[in-house]
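Accompanying notes for the structure given below.
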């Protein structure tokens, strides 16, 4: 006979007797939520000890050992049942307002509030970059469609447009590279203990990129307004719309048509995780992760 089989059979024969006494002490809720999970856990631990190179051989082969096992399960279940509300409050961050708990509460809560503000700043920067890229698209898209018929420019204004597109190019390229990087899980933010380390590690580029897009958009808006008020060119005057310039503009517009939607998708993913893991306002932030998820 398998050595562990006798132990398992002995546990089974004693289970009904012990269960009658236990059910009289614990109510139905405590039995389901505490006693039975505890019994299964420690029975599995005992079984593993029996099977693992006979380290625990003979542990469950005597009635005294079985009694000690069930007594241990009952005592453990008793403490878990009685201290469960206190443990829940501790994990939620509802700590007593007395030292040292009050000191820890303030320190941890400030740390989590820094994380909240950092993530909120990143989300706002993404939203601003999305809005500015859509504004640029609204300015440049009409120029690329039947451009020569809609806007009249000379060579000097063409060179000004070249300069603006050259300024815009590196910004668009930096955004495109960043969009290819997958979003880090929000739990990665929470593994960083220090709020300052969080800011250094995950500091967003989009505040600077959005500012750059805004400046370029303002310059393009002035350029477009100047072109609208420019008189038509004389027949012998050379137009500023070369094929190279038109192609450069069309390429820029093609990139801008895709970019706002990709930025929006990145922002929505961040926003979804933000609302799942953190409360809606910094004043509601708790000093523990469990408490913040509960208020999220």
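Each value in this text was obtained by applying a stated rule to the coordinates, not by laboratory testing. Since the model is a prediction, treat every value here as computed from it, not as a measurement. A quick note on method: Cβ atoms are made from the backbone with ideal geometry, for glycine too, and the neighbour counts reach across all protein chains shown.
Going from the fewest other Cβ atoms within 10 Å to the most, the residues 153, 263 appear in the order 153, 263. The Kirkwood hydrodynamic radius of region 240-296, based on inverse pair distances between different Cα atoms, is 14.5 Å. Residues 277, 206, 91, ranked from the fewest to the most other C-beta atoms within 10 Å, line up as 91, 277, 206. Once the chain from residue 222 to residue 268 is taken as fully extended at 0.36 nm per residue, the excess over their C-alpha distance is 13.3 nm. Highest-first packing order for the peptide set 168-179, 118-129 is 118-129, 168-179, based on the mean count of other beta carbon atoms within 10 Å.
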